[in-house]
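Input: a single structure, listed below in structure tokens.
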Amino acid sequence: MTASPPSTARQAFYDEIRKFSMTPLWESLSTLVPHTPNSPCVPARWRWDDVLPFIEQAGTLISAEEAVRRVLVLENPALPGKASITQSLYAGLQLILPGEVAPAHRHVQSALRFIVHGRGAYTAVDGERTTMLPGDFIITPGWTWHDHGNEGVDGQSEPVVWLDGLDIPMIRFFDAGFEEKSAALSQRVSRPEGNALARYGHNLLPVDYQPTSPTSPLFNYPYARTREVLERLYRDHELDAWHGVKLRYVNPVTGGWPMPTLATFMQFLPAGFAGKPFRSTDGAVYSVVEGRGRVIVDGQSMAFGPKDHFVVPSWKTFTLHADEDAVLFSFSDRPVQSALNILREEKLDA
Ligand code: 1HN
């Protein structure tokens, strides 16, 4: 890849033009325009058993209110200091303890929440609260007011941990980030819980409904429903040799992705599943909901179990294997790559 070092005359020339903020393209052309994608990111896994004690410790060191968001960022080991799990994606694990509030704010970045552990926290988005239950996929659209709290459910209160997925690196890339803090700690509730699900979650829409944003107005996709569909389709033999039973979440208004920048998926791998190799240009972050198995990325095997997280970088060939019935949530930057017409994927047969 790298050619021989430049001659003394050329190097002197490069040093000279450097002072005028110029650089020779021919020394970096093959890196700038790679023959095939060559992600600097590495496959990585965060075991729940390793992570949980640190999350608990963070809970003793700082409150949700002081932290604003008490999150341990999942950083790609090859991108230290970048708060990125891939070049385009941010992921973190957020903790909210019973009685705590994470104050209201809004920002251009879109966020997804995937509930990993505990029941009874809520998130409020633009005046509507939704209770978070494990396996729920919840959306905070860009520039919507949001705050979180933990008041418990069914008289029980426990620490709640969720995966945050955001498009932070993309927004940073475009230098397009804005943020605003609310004067109120928690926003005023203006609609009853379940209103969005009633309006948008039943293959019906209010007759005069006009979308006001590209993001799905359905902001909680409950796990109970998702799980039932996976089970049903598995019974109906809809198993893909690469993906098992894999579904994409949709915006019910458009049939497109629920979020403009992030794609989300849920898949079921039956016990004994040994997937065929797959690669795509959208690297993906996985949250394991149920079951144990392995992901093998470029020959590197990573075992996974419930509440573990792992990342598969762009264009790395990988296979999924399940020792037990397994359910995996994942997200990627697929909507952006599709919009730019650069998405490529390959189901390999080897
Ligand atoms: C944010 O607003 C949340 O609202 C979580 O819970 C993680 C990471 C970076 C910037 C904003 C939240 C975030 C974030």
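Every read-out reported here was derived from the displayed coordinates using simple, explicitly stated rules and does not represent laboratory data. For clarity, every value in this text was computed on a predicted model and none was experimentally measured. For neighbour counting, all protein chains shown are included, and Cβ atoms are generated from backbone atoms with ideal geometry for every residue, glycine included.
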Just to be sure I understand: with springs between alpha-carbon atoms less than 10 Å apart, which residue in P252, P192, P206 has the highest mean-square fluctuation in the Gaussian network model of the chain? P206
Give me P(r) over region 230-286, computed from all C-alpha to C-alpha distances, binned every 10 Å, as integer percentages. 20, 45, 31, 4
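In whole Å and largest first, what semi-axes does the C-alpha gyration tensor of region 33-87 yield when each eigenvalue is scaled by 5 and square-rooted?
With the √(5λ) rule applied to region 33-87, the semi-axes are 30, 14, 6 Å.
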Based on alpha-carbon centroids, what's the gap between region 274-328 and region 196-263 in Å, whole number please? 22 Å
Would you work out which of F54, H35, P5 lies farthest towards the positive end of the dipole of region 1-63, given +1 charges on the beta-carbon of Lys and Arg and -1 on that of Asp and Glu, about the Cα centre? P5
Evaluated at 10 °C with a viscosity of 1.306 mPa s, what Stokes-Einstein diffusion coefficient in µm²/s does the chain have when Rh comes from the Kirkwood expression over alpha-carbon pairs? 73 µm²/s
Would you mind checking which residues have amide H under 5 Å from R344's amide H? H placed 1.01 Å from N; only 5 or more apart, or other chain. T281, D282
Counting sequence-distant residues (5 or more places) and residues on other chains, those with an amide H built under 5 Å from that of N150 are G99, E100, Y122
Expressed in angstrom and ordered largest first, the alpha-carbon extents of region 100-148 along the principal axes are 27, 19, 15
Under the Karplus relation with 6.51, -1.76 and 1.60 and θ = phi - 60°, whole-Hz ³J(HN,Hα) for region 339-350, x at Gly and Pro, equal 4, 8, 6, 10, 6, 10, 9, 9, 8, 8, 10, 4
Excluding E193 itself, what net charge comes from residues whose Cβ is under 9 Å from its Cβ, given Lys and Arg +1 and Asp and Glu -1? +1
V42 paired with E231, simple spin-label distance in nm, labels 7 Å along Cα-to-beta-carbon: 4.0 nm
Taking the chain as the reference, fit the longest principal axis to its C-alpha atoms, fit the long axis of helix 48-61 to the helix C-alpha atoms, and give the angle between the two in degrees, 0 to 90, nearest 10. 70 degrees
Which value, in debye to the nearest 20, describes the size of the charge dipole of the chain about its Cα centre when Lys and Arg Cβ atoms bear +1, Asp and Glu Cβ atoms bear -1, and nothing else is charged? 580 debye
Give me P(r) over region 73-165, computed from all C-alpha to C-alpha distances, binned every 5 Å, as integer percentages. 3, 14, 22, 24, 18, 11, 5, 2, 0
Which of the lysines could be linked to K246 by a straight reach, that is with a Cα gap under 16 Å, when you skip same-chain ones fewer than 8 residues away? K276, K347
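Report the longest stretch of the chain that contains none of the chymotrypsin sites (Phe, Trp or Tyr not before Pro) sitting in a DSSP loop with at most 10 other Cβ atoms within 10 Å. Please report the intermediate quantities before stating the final value.
Working: sites that count: F20, F174.
By the stated rule (loop sites, at most 10 other Cβ atoms within 10 Å), 175-350.
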If amide H atoms are modeled at 1.01 Å from N in the peptide plane, then the residues at a separation of 5 or more from W46, or on another chain, having amide H under 5 Å from its own are H309, F310
Per 10 Å bin, what is the whole-percent P(r) computed from every C-alpha pair distance within region 1-54? 17, 29, 20, 14, 14, 5
Candidates D208, D49, D15: whichever shows maximal mean-square fluctuation once the chain is modelled as a Gaussian network with Cα springs under 10 Å: D15
Diagonalise the Cα gyration tensor of region 289-350 and give the resulting equivalent ellipsoid semi-axes, square root of 5 times each eigenvalue, largest first, whole Å. 24, 15, 10
What list do you get for M302, M259, M132 if you sort them by fewest beta carbons within 10 Å? M302, M259, M132
Simple spin-label estimate for L247/R199, 7 Å along Cα→Cβ, in nm, reads 2.3 nm
